[in-house]
1. Counting other C-beta atoms within 10 Å, and keeping those with at most 10, which DSSP coil trypsin sites (Lys or Arg not before Pro) do you find in region 1-104?
2. Just the Cα atoms of region 133-225: what Rg and Dmax do they give in Å?
3. Is there a pair in K54/K270; K227/K266; K167/K266; K85/K270 whose C-alpha atoms are over 22 Å apart, and which pairs would that be?
4. Along each of the three principal axes of the Cα atoms of region 197-288, give the extent in whole Å, ordering the values from largest to smallest.
5. Considering only protein heavy atoms, what is the solvent-accessible area of D169 at a probe of 1.4 Å, reported in Å² to the nearest 10?
6. If I compute solvent accessible area with a 1.4 Å probe over the protein chains, what percent of it on the chain is carbon and sulfur?
7. Taking Rh as the Kirkwood radius, which is the inverse of the mean 1/r over Cα pairs, what is the Rg/Rh value for region 93-247?
8. Report, in degrees rounded to the nearest 10, the 0 to 90 angle that the Cα long axis of helix 170-185 makes with the longest principal axis of the chain.
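The values are calculated or read from the model by the stated rules, or taken from the named source; none is laboratory data. Everything numeric here is computed off the predicted structure, so don't read it as measured data. Backbone-built Cβ (ideal geometry, glycine too); neighbour counts: all protein chains shown. Protein only, heavy atoms only, side chains kept; ligands, DNA and RNA dropped before computing areas. Shrake-Rupley method; radii C 1.70, N 1.55, O 1.52, S 1.80 Å.
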Amino acid sequence: MIGTTVPRRRRGSRLVRAVAAILVLVLAVLVSYALWTVYENTRTAAALDQGAPKNTKPSAQGELSPTAARAVKAYCGEAVWSDAKTVESTVTVGGLLFQLKGAGIPPHAKITIDVRRPHTVIDPINDSGDTGVLDGFSVMIVAPSGEVLEQRADAREHLQNASISTKWDRLNLVYFLGYAFWGYYTLPYQLLRSDIEWTELIDGVLQADYGTNLPVHSRIQRFWFDKNSGLLRRNDYTPVAATRDARAANVVFEHGLSNHIPYTSKRRVKISLGQYGWVLPFPDFITIDVERWQLR
């Protein structure tokens with residue numbers, strides 16, 4: 001009896017130690033993630049000004065609130081953006097969203113937008129060298145020969161957004177990236193447009209109502225700007241073309257300079273725990289790295 005009992009006790013002891021080690025490891029991972037979450041939401045650009053909105057009245061048409069005026073000045077001023085026609089860029093885009101949707105664009109793609117109207121060209125949109133074009137709410141895919149391979153008159157009528165894992169076709173990818181980059185690149189000019197309603201909620205925080213005539217992530221969006229530099233820090237919205245329920249926080253981690261004009265060069269889109277709330281530090285919903293940017 002002794003000869004069979006001792007090995008069983010040893011095996012039981014090893015099992016207990018193994019389980020304990022796993023539990024300690026899991027606890028360490030959870031604690032680390034919790035600390036990372038606190039750091040991300042208190043020490044980076046994702047950190048929010050927690051003051052309650054003091055104003056809910058939109059700015060009068062043609063008037064810039066103090067935060068909007070500071071932002072326009074930070075991005076080189078009204079004269080520069082009023083004269084601007086296009087933005088040309090080279091971008092690498094990635095992240096969890098495109099893995100779940102089963103669609104993405106090659107790295108180092110060239111993205112060109114029209115500053116004045118929602119028009120975006122993504123070249124290439126796929127490994128075959130085709131080009132994706134957004135014009136308002138319409139989208140198309142054009143072959144290198146110039147032949148139109150696919151097109152959709154109103155992308156809003158064909159959104160594949162039932163869930164975050166609902167697969168995209170190529171035209172939905174063009175629509176999402178086309179309007180997204182148009183919005184990202186033209187923010188300074190958007191502050192000057194008469195068809196977007198801007199409200200300064202508190203110093204450094206603007207809320208936009210885009211109405212129904214512009215392709216954007218969601219009609220209502222909120223923007224946080226650095227109170228000293230005037231540069232954008234964070235933009236929160238619901239990415240309806242991807243999923244109707246997610247709350248996203250587009251956090252600007254770096255700005256670059258092109259001909260002395262600042263532009264957002266490193267963005268990370270995070271999942272927000274609640275509307276205008278803390279974000280999860282990992283995984284990144286979308287990663288955007290702008291390698292070249294030029295305003296013309």
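1. Answer by residue number: K54, K85.
2. Answer for region 133-225, Rg first and Dmax second: 15.5, 51 Å.
3. Working: K54/K270 27 Å; K227/K266 20 Å; K167/K266 26 Å; K85/K270 31 Å.
The answer is K54/K270; K167/K266; K85/K270.
4. For region 197-288, the Cα extents along the three principal axes come out at 38, 32, 24 Å.
5. Probe radius 1.4 Å; accessible area of D169 about 50 Å².
6. Values: 8180 of 14680 Å².
Of all accessible area on the chain, carbon and sulfur atoms account for 56 percent.
7. 0.98
8. 70
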